[in-house]
Amino acid sequence: MVTLGSAGVAAGALGAPAARAAARRLLIKATLADLPTAPEKLKAPLFAEFAEEFWLDYSPHWKPSTRDASRAYIDKRLIPRFGALSVDAIERADINRWRDSMADVGGAFNRSIPVLSVMMQYAEKLGYREKNTNPCRGVSRFKRDLPERYLSADEYRRLGKVLAEHYGANAFVVPALLLLIYTGARVSEIATLRWRYVQFPRLALPDSKTGPKTIYLNPQAIAVLDALQRRGDDQLVFPAMYREVPINLGQHWEKIRRKAALPDVRLHDLRHTFASVAIAKGIPLATIGKLLGHALPETTARYAHLADEVISESADRICSSLANSMGMTA
């Protein structure tokens, strides 16, 4: 039993409010005494050791392609640079020095740092680092000037002629390329397409680079699929020649683009051109983003300059027509 004070008006006596306050303090103290003490901060391992712990826990949640690429970045870029450092000792200055050392391979840095950032976040969750100390946060990426190639009408005619005359061993090559051209889909989305995803008038992909995706089919794309013999629902629409694996369109594209005198055109440029043609037809960027399956509006915004060019050309034509009507041609 605990005595808080004496009753009455003696020097040690407590009034009722003070007694209640003292009792609350004692109750709180007793309650806290029964709670488990906070665990001590875990001793952080070396980055090379942590990389394996991270991999076992985290990598099963990635797609196979992401796992393969991330494993390569960890082994070739991250462990050689940070392996001997304790996970909790890696600071922003270390990241900046690493960035400066990779100026000649900026693309590799840009692809590696998101993996390192995820690893640092996971280290925080495991208690190896203090919360909100991710040293990768806010580090600028290298700007990359990747030229976007857009096919002209004449180049499309050349490509169409080559596709019409192409008689390769794999009869699925031309239909797959035509579906790429008509839909603006990603190469992987067409190469891995299965018949159960074909739900006219759309393709219902359960997964893609940005998650589940719907690809809307126009009459030309539907005609391409209608011309194929439908196989089992779980079978690929465009298989490789001798095995039930996705067709390697890149391998065939190299020969086709040379025949069409388009040696600098990448398969991904067909997707860019789909967007440029849509803009030329006055289709809003938001709609184009949905057609292409962009998760973020910022991704579609890369084509905004094309929309500006179309508007500028339209203004020129309008003003030229007005000037002609007023007899004020330059």
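The values are calculated or read from the model by the stated rules, or taken from the named source; none is laboratory data. It should be emphasised that the depicted structure is a prediction, and the values quoted were computed from it without experimental measurement. Glycine gets a Cβ as well: all are built from the backbone with ideal geometry, and neighbour counts include every protein chain shown.
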Across (1) crowded, with 16+ Cβ neighbours inside 10 Å; (2) in a helix (DSSP H, G or I); (3) not assigned by TED's automatic domain parsing to the domain that holds Pro80, Val139 clears everything bar (2)
Of all the residues that make up the stretch 94-126, how many are touching a Pro at 6+ places or on another chain (Cβ under 8 Å) and either basic (Lys, Arg) or assigned to a loop (DSSP other than H, G, I, E, B) (or both)? 0
Can you tell me which of (1) out of contact with any strand residue (DSSP E or B) (no Cβ under 8 Å at 6 or more places or on another chain); (2) farther than 14 Å from Ser140 by Cα is the one Gly83 doesn't meet? (1)
Ile190 vs. criteria in the same structural domain as His252 (by TED's automatic domain parsing), within 16 Å of Leu236 (Cβ to Cβ) and under 25 Å from the mean Cα position of the chain (by Cα): yes
From the list Val224, Val187, Val173, exactly one residue is buried (at least 17 other Cβ atoms within 10 Å of the Cβ) and under 28 Å from Trp62 (Cα atoms). Which is it? Val187
Residues within the stretch 132-184 that are modelled with pLDDT under 90, among the small types (Gly, Ala, Ser) and within 28 Å of the chain's Cα centre (by Cα), tallied: 2
Output for Cβ contacts, cut-off 6 Å, separation at least six or different chains, first residue within 14 Å of Arg71 (Cβ to Cβ) in the stretch 42-60, second among the basic types (Lys, Arg) and assigned to a helix (DSSP H, G or I), reads Ser59/Arg67
Okay, helices (runs of 4 or more DSSP H) sitting entirely in the stretch 212-313 with 3 or more residues that are within 17 Å of Leu163 (Cβ to Cβ) and touching a residue at least 60 places away in the same chain (Cβ under 8 Å), I get 249-259, 267-280
Yes or no: Ser112 farther than 18 Å from Ala69 by Cβ and touching a Lys or Arg at 6+ places or on another chain (Cβ under 9 Å)? no
Residues (surrounded by 13 or more Cβ atoms within 10 Å (Cβ to Cβ) and either within 14 Å of Gly138 (Cα to Cα) or acidic (Asp, Glu) (or both)) located in the stretch 86-108: Asp88, Arg92, Asp94, Ile95, Asn96, Arg99
Of the residues that make up the stretch 228-248, is at least one under 23 Å from Arg149 (Cβ atoms), aliphatic (A, V, I, L, M) and within 20 Å of the chain's Cα centre (by Cα)? no
Is the stretch 179-189 home to any residue that is among the hydrophobic types (A, V, I, L, M, F, W, C) and over 16 Å from Phe274 (Cβ atoms)? no
May I ask you to list the residues in the stretch 61-93 that are in contact with a helix residue (DSSP H, G or I) (Cβ under 7 Å, 6 or more places away or on another chain) and part of a helix (DSSP H, G or I)? Arg67, Ser70, Tyr73, Ile74, Arg77, Leu78, Ile79, Arg81, Phe82, Val87
